[in-house]
Every structure is written in C-alpha cells, then in structure tokens.
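Asks: What follows is a single structure, and I will ask about it in a moment.
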C-alpha cells in the first residue's frame, strides 16, 4: 500500500474539531491582558508570549504531521509555503500569504489577512511595542525546532 | 537476523516460536511488541503483549533496537538505486530524508517501522504473516498525538505513563490482522 498523499489544509480543516472563534479571540485577549498586568513591561510580555508559543509548538508539530501527512520539505521556500497554506489553515482556519523574500531566500514574511487572534482588539498608546500575536512566532519557532536540520 | 528467536551460547537455542494469536489461545492480541522512540533515542514506550524469549535486559534491548533502526535507515537510503543525492555512509540522516524503510520479515516475525519528520519512531513486531502495517502505524501515531502530546501534564522526551493511551493502544492492537 503506497503512503498517503499529503492532505490540503482545507481537507484537514474540514475534518478537525473546531472551537468558537469569539471564545478563542477573547481567551487569547484575556491571556495577554493578564500578562500585561502581571509583568507590566512590554518586552517581558513579548518574551513570555514567545515562550508560551514555543511550548505549544513543540507539541503541535506532531499533531500537524499526523493529520496532514506532509513529508519533509526540500528547502525553506517549501517550508514557508507549507506553514502558510496547510499549517495556518489547519489550526486557525485562515491562510497566510508568503511575501517579502530577501535575496538569499533566507527570510520572508507571512501575512495574515484576517487574523482571528486580533478580532475586537485595539492597542492603546500605553502598549506601544507590544507584539500582540507573538505567540504565533513562538509556535512556529517551537515546531520548526523539532524538525531541526542539525543533530 | 535473529534477535528474539536466537540466543548466545549460554542458553540452548530454542525452536522458532509458533506464530502467536493464530494458534495459541492468546487473548486476541495479534502483535508481539511495540517500541516508541523519540529523535534522541529515548524509549518513550515499550509495550509487550507476547514475547516468549528475552535475551537482554530492557535498557540494552531498547538501545540495540534504536541502533538497529538507525543503521538500517542509513543503509537502505544509501543503497537506493533511484536516488541521486547520496552523502557519505557515516553521515546521519534526517528523518524523512532518503527513501523510507518500512518493514523486514523473517520466518518467525515481521518488524514494521515508521518515522515521522519530527523524529518519533514507531516499531511494531508482529507475527510473520501480517500484511502491510503502515496504516496501522499511522493510526498509532495519531493515538500518540491525541493521548500523549495533547496532555499538558506530559513532558515531551520522557517515558509515557498514560493509562488512556495504553488502553486505547491495546484495544486497537486487538483488531490488527
């Protein structure tokens, strides 16, 4: 029996259990609010969000691999595409677009058109410099580290 | 290759064991042994349902198994006649790189193997007449994700001690042909 082909983000998203979007956005907002109250420093909150995301990412990667059947990506471009099209679609229900490639192909930007995390959110002036969605960068960092390319 | 059927000079060499689950009245379990390793060689789970002969103590046995699979993967990938990229034989392979070795069979047992790109290795030893178990291994990987990875109290990289996972695993293994 041949191995299964990788499933598209839409296919997986259709079969996976979902949660109410408002509940999700409000819960995340409550987390950020509580971190701001506890830590007070915007940089500290950014670091903490990144760490939380990292802890999520190291577990999320196994779920992603189990449900989507993608095989190892050949290069970073493919990795970015898989994260944007399959990963984000599967877990957030929205796809990201990959832009802003630099000359070496070493860095790019993932743009989320409608990000469910930031529904209802408006940052006040006291929170300048806060990376509200920093948990997402942590998740990507944690997940990719589990696939890391050096022993 | 006889790791479980053969023995060293100390014990007398036994006759090959009858395939379990079919002839013996064994509680319906059709698999012998399951190992789960992570990318660092830590044995996350060792579960045995039917193993008449043990030649090594548990830690040695797991190290041997991990070493075997590591070398086999490397060897099968380097011998691939269809692949163009071939590093030197000593270079460790990343999970998912090169062609994927999935099982070997002897006259007494069949060993099925699956490795995820995140380095989780699943090894299932069953009786020799089993058909292709890649789907089964994928299902067990899904079980691992549901009951172990998603448990917030589980520390990744440590041995699995989840009752729910063990129960579901036993139930699933009963249904394997």
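Asks: What ranking do B:62-73, A:18-29, A:137-148 get when scored by the average of other Cβ atoms within 10 Å per residue, highest first?
Replies: The densest-packed peptide leads the list: A:137-148, B:62-73, A:18-29.
Asks: Also: Using 1/(1 + (r/R0)^6) with R0 = 45 angstrom and r between the beta carbons of residue A:76 and residue B:60, what's the FRET efficiency to the nearest 0.05? Present the calculation step by step, with values, prior to reporting the outcome.
Replies: Values: r = 40 Å, r/R0 = 0.89.
Once rounded, the FRET efficiency stands at 0.65.
Asks: Report, to the nearest 10°, how far helix A:21-39 tilts away from the longest principal axis of the Cα atoms in chain A, using its own Cα long axis and a range of 0 to 90°.
Replies: 50
Asks: Pairs of alpha-carbon atoms within less than 8 angstrom and 6+ residues apart define the contacts here; what relative contact order does region A:4-85 have, in percent? Write out the running numbers ahead of the final one.
Replies: Working: 21 pairs, mean separation 47.1, N = 82.
Result for region A:4-85 is 57 percent.
Asks: R0 = 25 Å: FRET efficiency of residue B:51 with residue B:72, Cβ-based, nearest 0.05? Spell out each step's value before the answer.
Replies: Details: r = 21 Å, r/R0 = 0.83.
After rounding to 0.05, the efficiency reads 0.75.
Asks: How high is the relative contact order of region A:94-151, in percent, counting Cα pairs under 8 Å that sit 6 or more residues apart? Could the numbers behind the result be given before it?
Replies: Working: 28 pairs, mean separation 12.5, N = 58.
Taking the mean separation of contacting Cα pairs over the length of region A:94-151, I get 22 percent.
Asks: Note down the relative contact order for region B:60-177 as a percent, whole number, built from C-alpha pairs under 8 angstrom at least six residues apart.
Replies: 15
Asks: For chain A, set up a GNM with springs between Cα atoms under 10 Å and report which of A:115, A:15, A:69 has the largest fluctuation.
Replies: A:15
Asks: Also: With a 10 Å cut-off between alpha carbons and a GNM built on chain A, which of A:62, A:125, A:114 moves the most?
Replies: Judging by the Gaussian network model, the answer is A:125.
Asks: Please report the equivalent ellipsoid semi-axes of the protein assembly as shown, computed as sqrt(5 x eigenvalue) of the Cα gyration tensor, largest first, in whole Å. Spell out each step's value before the answer.
Replies: Working: eigenvalues 367, 101, 66 Å².
Working from the Cα gyration tensor, I get semi-axes of 43, 22, 18 Å.
Asks: Give me the inter-chain shielding for B:63-71: mean count of other chain Cβ atoms within 10 Å, whole number please. Could you put the intermediate results ahead of the total?
Replies: Values: counts 0, 0, 0, 0, 0, 0, 0, 0, 0.
Counting other chains' Cβ atoms within 10 Å and averaging over B:63-71 gives 0.
Asks: Oh, and also: As a test of the formula, what do you get for chain A when each DSSP H run with n ≥ 4 contributes -39,500 (n - 2.57) and the sum is divided by the residue count, at 222 nm and rounded to the nearest 500 deg cm²/dmol?
Replies: Numbers: 6 runs with 78 residues, N = 151.
Per the formula, -16500 deg cm²/dmol.
Asks: Once Rh for region B:98-177 is found with the Kirkwood sum over Cα pairs, what is the Stokes-Einstein diffusion coefficient at 37 °C and 0.692 mPa s, in µm²/s? Mind dumping the intermediate values first?
Replies: On the way: Rh = 13.7 Å.
Translational diffusion coefficient: 239 µm²/s.
Bear in mind that the values in this text are calculations on the coordinates, not laboratory data. From a predicted model like this one, the values you see are computed outputs, not experimental measurements. Glycine gets a Cβ as well: all are built from the backbone with ideal geometry, and neighbour counts include every protein chain shown.
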